[in-house]
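In what follows, a structure is listed as structure tokens, so that the remarks can point back to it.
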Number of protein chains: 4
Amino acid sequence: MSPTGGRHFLQIPGPTNVPDRVLRAMAAPTIDHRGPEFAELTKALLPALGPVFGTTAPVVIYPSSGTGAWEAALVNTLSPGDRVLIGETGQFSTLWAELAGRIGLGVEVIPGDWRRGVDPAAVGERLAADTERAIKAVCVVHNETSTGVTSRVPDVRAAIDAAGHPALLLVDTISSLASIDYRHDEWGVDVTVAGSQKGLMLPPGLGFNAVSEKALAASRSAGLPRSYWDWAPILEANTRGFFPYTPATNLLYGLREALAMLAEESLPAVFARHQRHAAATRAAVRTWGLEVLCADEREYSGSLTAVLLPTGHDADAVRRIILERFDMSLGTGLGRLAGTVFRIGHLGHFNDLTLAGTLAGVQMGLQLAGVPIKPGGLDAALDHLRDLG
Amino acid sequence: MSPTGGRHFLQIPGPTNVPDRVLRAMAAPTIDHRGPEFAELTKALLPALGPVFGTTAPVVIYPSSGTGAWEAALVNTLSPGDRVLIGETGQFSTLWAELAGRIGLGVEVIPGDWRRGVDPAAVGERLAADTERAIKAVCVVHNETSTGVTSRVPDVRAAIDAAGHPALLLVDTISSLASIDYRHDEWGVDVTVAGSQKGLMLPPGLGFNAVSEKALAASRSAGLPRSYWDWAPILEANTRGFFPYTPATNLLYGLREALAMLAEESLPAVFARHQRHAAATRAAVRTWGLEVLCADEREYSGSLTAVLLPTGHDADAVRRIILERFDMSLGTGLGRLAGTVFRIGHLGHFNDLTLAGTLAGVQMGLQLAGVPIKPGGLDAALDHLRDLG
Amino acid sequence: MSPTGGRHFLQIPGPTNVPDRVLRAMAAPTIDHRGPEFAELTKALLPALGPVFGTTAPVVIYPSSGTGAWEAALVNTLSPGDRVLIGETGQFSTLWAELAGRIGLGVEVIPGDWRRGVDPAAVGERLAADTERAIKAVCVVHNETSTGVTSRVPDVRAAIDAAGHPALLLVDTISSLASIDYRHDEWGVDVTVAGSQKGLMLPPGLGFNAVSEKALAASRSAGLPRSYWDWAPILEANTRGFFPYTPATNLLYGLREALAMLAEESLPAVFARHQRHAAATRAAVRTWGLEVLCADEREYSGSLTAVLLPTGHDADAVRRIILERFDMSLGTGLGRLAGTVFRIGHLGHFNDLTLAGTLAGVQMGLQLAGVPIKPGGLDAALDHLRDLG
Amino acid sequence: MSPTGGRHFLQIPGPTNVPDRVLRAMAAPTIDHRGPEFAELTKALLPALGPVFGTTAPVVIYPSSGTGAWEAALVNTLSPGDRVLIGETGQFSTLWAELAGRIGLGVEVIPGDWRRGVDPAAVGERLAADTERAIKAVCVVHNETSTGVTSRVPDVRAAIDAAGHPALLLVDTISSLASIDYRHDEWGVDVTVAGSQKGLMLPPGLGFNAVSEKALAASRSAGLPRSYWDWAPILEANTRGFFPYTPATNLLYGLREALAMLAEESLPAVFARHQRHAAATRAAVRTWGLEVLCADEREYSGSLTAVLLPTGHDADAVRRIILERFDMSLGTGLGRLAGTVFRIGHLGHFNDLTLAGTLAGVQMGLQLAGVPIKPGGLDAALDHLRDLG
């Protein structure tokens, strides 16, 4: 119920704006999940899903949130007391670490300042020191949704290899998949964790695990109790086009449509679009005289930008004004960033003029909230959009 | 199929962006148009429709475009050879005049320069001179969609009254209804013509005639052949909740939802929102150094703004660039305005940030097309939106 | 709001049950009706529409009900005072005749008993006697929706030819198109009138005229006033993919989808399906000991069956019980058939089990209403469905 | 893609036919799951959900299948090595038992013949013998979806009480909730497990746990590892209208609509409708001379009927014929019932005429498959429907 007419601007970093094509696809009648038409759906979906992960390996689909897919990655590959190494990048790496601890894993965190990605060198050092190979998995959040920082996964891979360490590499791509270039196979990732509600442009309700050969081998001896998340019966049933328990059929219809849309635009074009929008957003932020939270330009996120407010200004007050006056939702500061940061989502089903509207709303909201900004931020973004079409 | 991801910006002055609430309402199953559930629908719709026209008189709904409703207004009230007086305001007044001629009416046009509304004084003079009362109806396009000029209907009414002339007053509100303040009863209008696809936020497919007592009386002796458009059987069937031929049921579902949305926002708020967006748009146009087509500030349109390009620049080339680069549709110059004018629709289901995105696209498109504009147009619009919230 | 859970059975002879595929297609956002995407839509639609009419001639699409398409057929081809010959087949032929009279045509009716189609011999005799060629058009309702009788159009054509008479042949296919075999070109029809809400499986709101060369030639000199219905500007604009006034865009989306569905099933299969369901329905009616209204077995309708009740029983009372108890809408008796007949629609998006449910509801409703029927009607229908699959 | 036109008959015992009202509700845009509008949604949903479970206790909603909700009930209340007692009623009780074993619980099964519900006396005896209170939970499938047998939960409760045993009572209502009378509070159930895709008339994708005080107390000391399924953070976040991880927003929209529909019809009417349809179905089966799988008339299921075929006839061959010829999906025989049983779902959004169509399809399919049946089954069902309206 908007304060004005018109469509809500959902510019949190996910769930993202679901294209109406996808919403309509999801409104088709639910079918028999054990019938031949369902088998055709599965057999069309799975091969179309791999390329989005950059993999020819199997991708497991769960009726779950992305959080469930985090849990799935761990319980399929590890045993009670196993040690995992997690790079602290922000709120979501912290939550994943807590989850790991909660289900009985030993958790070791490489500390971070929430403005940078995982340090590949630190990973390499820690693994080199782990002569007993106690660490069984390295967990990396590819794009940290709480900070807008994209970790350099290939460099982390290289560091693991340089250390000659056998740990699995588990990567969360919840807010990067289908928005930021990602290559499960080429980068040697063992489990890629994803969700439906960001770059895949779907409502929430599906979780994903892309699974390497090595991860699959690990799952055969992994000892954590598992049932719902167990890859084996799913992969087995998938070969016949089915699932071992009732799948979220209508979200799968949506997934089929979203994959078709991504293929129509082409993944390279999708990634380029996100980079362009991210660069335009940063141009606006800097012209306003504000600081982008991400401190390393190699790690700028293509899917969201977290903006630091000057001391004494409350980011949630800015967000509230923007919601009330301009009917736009922005992301709040999470965890230790509460109140000092707001986040602009520019991912998913999104284009230049929606970005322009978004940045216009941010600019006006900052002004209304009394945050001292220099003029011209929106213009700087438009210069970027116009000249780098 | 957009060149980028994201939602198309449909910023022509109609059809307008249909709210997804309305689209979903229209997706309900078609029902028996002779059954009790349909009668309930009609009996809920009609009383909710009157206030939007500012009337307690009956409103006739046709399965037709607005063009059909033009024809209906004429054939119900006039006889072959009757004379109508039409103020030339632009392409649509011209088309209405042509239609009148085509169906056997005598047409007299008060010439205009397509930058102003109907001149009430000229109407008064002409009627005063019509001592034989040969003129049976005065036709006014309230908001001329081809120019963005809103005629002053109350002043026209006053001029007719001052002349003591019995002519009917027929008013086209196709692009003003539910966007710009309009009062069928208070302004003494005899037939108000409207369509579904502008301020009513529906897809095209419904035409409307609001009908005064005087118009109804005229219809009893009017001699033009009519059947489909005949008010009498429709008004008769409506009393029982039905229609004499199959109505456009699913569009009626959409109408019910759209009327609910208008009531939720309240008509005064709807009108104020349109005025505010129109003023912000003009602020942008002027800051760019371009000319608003409408030449009389009393007649600025709340629902669209037509922009004149400097000599030597092709408005359609600008529109093409904007469509290709930014996936936004703008209105073309119609008739004699072809190539020199483009039109920005800012009506219907629309809000501040969508306007900001719209004007950003116009600004970038003008720059890409090489039209010399001064910077700051969008900023001027945002100043307006921000400070007059 | 059904008295029980579950989906309403809409078994009137139109509007028919709209497939959810079509409803979803219609829920897509309205687009610019003057833009390139719209032109693509039109250019895909029109060639796909012809085969459904059995024609390579142009088909004109109106935002209107079928009633409007009746009017269009007349005003485009005839002049004031022209004489038309209409075969009385029931309520709809009567309404068409009244319409013709209302717009200034001379109307001559070949009387009928509402249980038979147009008598080709009678047409031939009348035309042979018309040595002055005063009759300009012969109007035939192909499938009379009020009676469930299908006139033999090829025989009417043959009778006209045998008389060597130049009259145009205008045929209403509102409740037969895309349900019962029909061939505009092969049968030498000049104007075919149709609507969206029956065999085309759309909501109401589109009217159609398929137009022969001869009809087109007639339109050039036809003198009835016309504007909205005028073929010429529509055909002209159609060549560029557009319409002269705003078309009912979202219904056109639905039409595209419905044509795709018809093509998937194939028209011969569609026609065979309707014949099979009609035969099964008649088997039920006869087994119950009731009378099918249609008196000539060559003229049984494939799209609906009108059932005569024994004297002393009120067909509307039966319908009311069926609506209240079983949430099914059946067609009422129209005009002189009020109270004595009810009509079962078995056309459009319809299958064996829906027919079984429909006939079960009719059987139970007849019993509840105290109409004396023999048992076994539904079983007889099922025998037919099962054995002639 | 049906072999004929018309709507597919989805008569498996779930997923059920989703009402188009619910599908349309789910097509609304996804909103910010951390914003005020979402909080309002949650705060409206949760109080409306309790009555469907017959409880004032909290109900936890998961983005998951029903299988996930099974796992949730166990991991929240039990510790590794804890013993659970499960009554074998069919395939689903067996799967739940396997799941329990897989996650580290000791499982004791009370054997059954897959034609009866859980034997309350056997439960009582086993618990009485468990003097060491090793059994921590009794698991009952209220309505066994594989057999169409409804266990007598109140009698099981009484048996537990009579034994004075402190075991928790965990009940699976996946195919009974909102179809068959069920009372979490009154019957003293500790955890009720449910899913979205049966009586709740939603697509699959939501799992539920209704949680008694005693279960909540147990969860505080339960030692099985848990994170995704953990009640505590969900219940905590729910108090503010939120969820600890991204919920399946659009399914929640559907849930809101489905709960409104259930309230409109009223739960007692919903239960009565299901009983009536189940009785009519059994009347058909018996008249055909076939056997209903459920062997105890106190335990007939209101939501599905499993039909035993005579020896030598393949139930899946019958189902295949029915799918191909009549576009209807029926439930297959699961586990040890494969080939000998098919299942007719008559639950959810369902009415008399759809049941008539369903049974007509079964009757014709049995005949086409050469299964020897006596005539009159469908008629017997109709007698029931007609006379017990």
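The values are calculated or read from the model by the stated rules, or taken from the named source; none is laboratory data. Remember, it's a predicted structure, so these values are computed and weren't measured experimentally. Reconstructed Cβ throughout: ideal geometry from the backbone, glycine too, with neighbour counts over all protein chains shown.
Annotations
- Within the range D:207-224, the set of residues being over 21 Å from D:L105 (Cα atoms) and touching a strand residue (DSSP E or B) at 6+ places or on another chain (Cβ under 6 Å) comprises D:G207, D:F208, D:A210.
- Residue among D:A159, D:A178, D:A137 that is of a type in the set (G, A, S), in contact with a Leu (Cβ under 8 Å, 6 or more places away or on another chain) and free of Cβ contacts under 8 Å to residues at least 40 places away in the same chain: D:A159
- Residue in the range C:171-184 that is closer than 18 Å to C:T150 by Cβ, within 14 Å of chain B (Cβ to nearest Cβ), within 13 Å of the chain's Cα centre (by Cα) and not in a loop (DSSP other than H, G, I, E, B) present: yes
- Residue match in the range D:44-55 (condition: at pLDDT 95 or above, farther than 23 Å from D:F271 by Cβ, out of contact with any Phe, Trp or Tyr (no Cβ under 6 Å at 6 or more places or on another chain) and among the aliphatic types (A, V, I, L, M)): yes
- Listing of helices (runs of 4 or more DSSP H) fully contained in the range D:302-389 that carry 3 or more residues being in contact with a strand residue (DSSP E or B) (Cβ under 9 Å, 6 or more places away or on another chain) and buried (at least 21 other Cβ atoms within 10 Å of the Cβ): D:315-326, D:352-368
- Check on C:D316, of a type in the set (D, E, K, R) and either over 24 Å from C:T89 (Cβ atoms) or touching an Asp or Glu at 6+ places or on another chain (Cβ under 6 Å) (or both): no
- Residue within the range C:325-335 that is within 10 Å of chain D (Cβ to nearest Cβ), touching a residue at least 24 places away in the same chain (Cβ under 8 Å) and more than 26 Å from the chain's Cα centre (by Cα) present: yes
- The listed residue being within 30 Å of C:T30 (Cβ to Cβ) and either of a type in the set (A, V, I, L, M) or assigned by TED's automatic domain parsing to the domain that holds B:W70 (or both), out of B:A178, B:A167: B:A178
- Single residue of the range D:347-389 satisfying the filter (modelled with pLDDT under 95 and closer than 15 Å to C:Q363 by Cβ) that is farthest from the other protein chains (Cβ to nearest Cβ): D:D387
- Selection from the range B:1-59 of residues that are farther than 30 Å from B:W187 by Cβ, among the basic types (K, R) and surrounded by fewer than 21 Cβ atoms within 10 Å (Cβ to Cβ): B:R7, B:R21, B:R34
- Selected residue (only one of B:A295, B:A272 is modelled with pLDDT of 95 or more, among the aliphatic types (A, V, I, L, M), surrounded by fewer than 19 Cβ atoms within 10 Å (Cβ to Cβ) and not in a helix (DSSP H, G or I)): B:A295
- Wholly enclosed helices (runs of 4 or more DSSP H) of the range A:62-143 bearing at least 2 residues surrounded by fewer than 24 Cβ atoms within 10 Å (Cβ to Cβ) and more than 9 Å from chain D (Cβ to nearest Cβ): A:91-102, A:120-129
- Residue that is farthest from the other protein chains (Cβ to nearest Cβ), among those in the range B:192-219 that are of a type in the set (S, T, N, Q) and within 16 Å of B:N143 (Cβ to Cβ): B:T192
- Any hit, the range D:220-243, residues being hydrophobic (A, V, I, L, M, F, W, C), farther than 27 Å from D:V22 by Cα and either under 20 Å from the mean Cα position of the chain (by Cα) or within 12 Å of chain A (Cβ to nearest Cβ) (or both): yes
- Among the residues of the range D:17-50, the ones that are assigned to a loop (DSSP other than H, G, I, E, B) and either among the basic types (K, R) or more than 8 Å from every other protein chain (Cβ to nearest Cβ) (or both) come to 1 in all.
- Any pair with Cβ under 7 angstrom, 6 or more apart, that starts in the range A:110-126 at a residue that is under 18 Å from A:D161 (Cβ atoms) and assigned by TED's automatic domain parsing to the domain that holds A:V84 and ends at one that is in a helix (DSSP H, G or I) and of a type in the set (V, I, T): A:I110/A:V123; A:V118/A:V156; A:P120/A:V156; A:V123/A:V156; A:V123/A:I160
- Qualifying residue in the range A:282-295 (condition: in contact with a helix residue (DSSP H, G or I) (Cβ under 9 Å, 6 or more places away or on another chain) and within 14 Å of chain D (Cβ to nearest Cβ)): no
- The range B:5-16: number of residues that are within 14 Å of chain A (Cβ to nearest Cβ) and in a loop (DSSP other than H, G, I, E, B): 5
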